[in-house]
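The values are calculated or read from the model by the stated rules, or taken from the named source; none is laboratory data. Computed from a predicted structure; not experimentally measured. Cβ coordinates were reconstructed from backbone atoms using ideal geometry, including for glycine residues, and neighbour counts include every protein chain displayed. Please note that ligands, DNA and RNA were not included when accessible areas were found on the heavy atoms of the full protein model with its side chains. Shrake-Rupley method; radii C 1.70, N 1.55, O 1.52, S 1.80 Å.
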Amino acid sequence: MEPATAPVKAPKNGRVLWLLLISILVPAVNVGVHGLIFWFFRDSPLHPIASALLAVVWGAAGVYSIYWSLNWVVEQYPDAWKRRLMPFIYVGPAVLLLGWLLVLPTIRTLYLSFFDASSSRFVGLANYAAVFTDRLLATALRNNLLWVFFGTTLCVSLGLLIAILADRSSFERIAKTIVFMPMAISFVAAGVIWKFVYYYTPEERQIGLLNAFVKAFGGEPQAWLTMVQPWNNLFLIVILVWMQTGFAMVIFSAAIKSVPEDILEAARVDGAGEVRIFFQIMIPYISGTILSVTTTIIVFTLKIFDVVMVMTGGQYGTEVVATQFYRQLFMYQNAGYGSTLAIVLLIAVMPVIWINLRQFRREGGF
């Protein structure tokens, strides 16, 4: 019996050693080779343009070589292990990159929030106590709530309305293109555009588009961005609505087209009007999409920064949490307080993201 089993065990042990060897050696070679290439580019005497072109080629070829080599390693495993390991090969690098770029900075920010401005003395929860008793932060939180309520409500409502109306129009493509076009503009560029729209001068001639219209109809030009609260915040929220309505419209339009036509026809045969069909059939059918779009825009409004910084710099009572965070960390060099504001903003966003992820899971997104 002994001589019969020995030949079987030897190849099996050799196979295990081979798998163990390539599982260690191939990733190590990848790390070593690409690490050397990185150090070469970092200290390279090449011209910046040549270095950039070579870096692009290396990036594409390097990613391909990493995935190909790791995929080859997994292919050597038995089928049962192959099915378990293959997802990690394709998703693992992205998860590691996200962990490096998101998780580690978040942990470091949380750590710094327990220290003073210079990050040299531990102060415990003192920064959090200061945040929730600061008058400026109270104003910022109030303004964020204005952005969340009015911005989200208007974006979702107008997006849904335009999607319904455009779906029945012969100019559907043109109308959707025009409404969606602001999505191609960054928030900074949109802020510059709308700064000229709201521009005010005390002189007779007005170059701001809105004041030009007001004056043309016999009204008095206004300094729209310095008006009494909450009006100037509402004028800033208009920019968000202008940009994000197209996003909501496109998603809602796709959801509306997925409503079964036979259900709509049956409702019409039964005598239901279009308004009743909209509220009792379409809205319940696309409720999941409405929730996803709403939570996505809420996250945008909670993180809003670009528009406020470009338009007013947070002055005239338009401060939001993100601008306060930027001001404290980068202008006043208060790392402890600025990190605390970042954590407060993260805590505010997390429940909304959790709702969104739960909705995706219900719809089979993952």
Checklist entry - Quick check: anything in segment 257-279 under 17 Å from the mean Cα position of the chain (by Cα) and either at pLDDT 90 or above or of a type in the set (Asp, Glu) (or both)? => result no
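Only one residue in ARG108, ARG83 is open to solvent by 60 Å² or more (accessible area, probe 1.4 Å), more than 30 Å from TYR332 (Cβ to Cβ), assigned to a helix (DSSP H, G or I) and not hydrophobic (A, V, I, L, M, F, W, C), so which one is that? Break it down stepwise before answering.
Values: ARG108 fails: more than 30 Å from TYR332 (Cβ to Cβ).
After ruling out the rest, the residue left standing is ARG83.
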Checklist outcome for this item: Scanning segment 315-341 residue by residue, the ones that are of a type in the set (A, V, I, L, M) and either in a loop (DSSP other than H, G, I, E, B) or open to solvent by 80 Å² or more (accessible area, probe 1.4 Å) (or both) total 2
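Quick check: anything in segment 295-311 more than 23 Å from ALA184 (Cα to Cα) and either open to solvent by 10 Å² or more (accessible area, probe 1.4 Å) or modelled with pLDDT of 90 or more (or both)? Can you show your working first?
Pass one, segment 295-311, residues more than 23 Å from ALA184 (Cα to Cα): none.
The answer is no; no qualifying residue exists.
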Checklist entry - Under the condition of being surrounded by 15 or more Cβ atoms within 10 Å (Cβ to Cβ) and among the charged types (D, E, K, R), which residue from segment 116-166 is nearest to the chain's Cα centre (by Cα)? => result ARG142
Item to check | Members of segment 211-226 found to be over 31 Å from the mean Cα position of the chain (by Cα) and either surrounded by fewer than 16 Cβ atoms within 10 Å (Cβ to Cβ) or in contact (Cβ under 8 Å) with a residue 12 or more places away in the chain (or both), listed by number | outcome: ASN211, ALA212, PHE213, LYS215, ALA216, PHE217, GLY218, GLY219, GLU220, PRO221, GLN222, ALA223
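Sort through VAL344, VAL275, VAL349 and tell me the only one that's farther than 27 Å from PRO182 by Cα, in a helix (DSSP H, G or I) and either in contact (Cβ under 8 Å) with a residue 24 or more places away in the chain or in contact with a Pro (Cβ under 9 Å, 6 or more places away or on another chain) (or both).
Values: VAL275 fails: either in contact (Cβ under 8 Å) with a residue 24 or more places away in the chain or in contact with a Pro (Cβ under 9 Å, 6 or more places away or on another chain) (or both); VAL349 fails: farther than 27 Å from PRO182 by Cα.
Exactly one of VAL344, VAL275, VAL349 is farther than 27 Å from PRO182 by Cα, in a helix (DSSP H, G or I) and either in contact (Cβ under 8 Å) with a residue 24 or more places away in the chain or in contact with a Pro (Cβ under 9 Å, 6 or more places away or on another chain) (or both), namely VAL344.
Do we find that ILE207 is open to solvent by 40 Å² or more (accessible area, probe 1.4 Å), β-branched (Val, Ile, Thr), over 25 Å from SER157 (Cβ atoms) and in contact with a Ser or Thr (Cβ under 8 Å, 6 or more places away or on another chain) in this structure? Lay out the reasoning, then the answer.
Numbers: open to solvent by 40 Å² or more (accessible area, probe 1.4 Å): yes; β-branched (Val, Ile, Thr): yes; over 25 Å from SER157 (Cβ atoms): yes; in contact with a Ser or Thr (Cβ under 8 Å, 6 or more places away or on another chain): yes.
Yes, satisfied.
One residue is enough: does segment 269-278 have a residue meeting the conditions under 30 Å from LEU112 (Cα atoms) and open to solvent by 40 Å² or more (accessible area, probe 1.4 Å)? If you could, list the steps in order and put the result at the bottom.
Within segment 269-278, the subset under 30 Å from LEU112 (Cα atoms) is none.
No, segment 269-278 contains no residue that is under 30 Å from LEU112 (Cα atoms) and open to solvent by 40 Å² or more (accessible area, probe 1.4 Å).
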Checklist outcome for this item: Of the residues in segment 295-314, those that are more than 18 Å from the chain's Cα centre (by Cα) and in a helix (DSSP H, G or I) come to MET309, VAL310, MET311
Next on the checklist: Here is a check on your reading of the model: is ILE290 open to solvent by 40 Å² or more (accessible area, probe 1.4 Å), more than 16 Å from ASN143 (Cα to Cα) and assigned to a helix (DSSP H, G or I)?
Outcome noted: no
Checklist entry - Just checking, how many residues over segment 1-38 are at pLDDT 60 or above, hydrophobic (A, V, I, L, M, F, W, C) and open to solvent by less than 60 Å² (accessible area, probe 1.4 Å)? => result 5
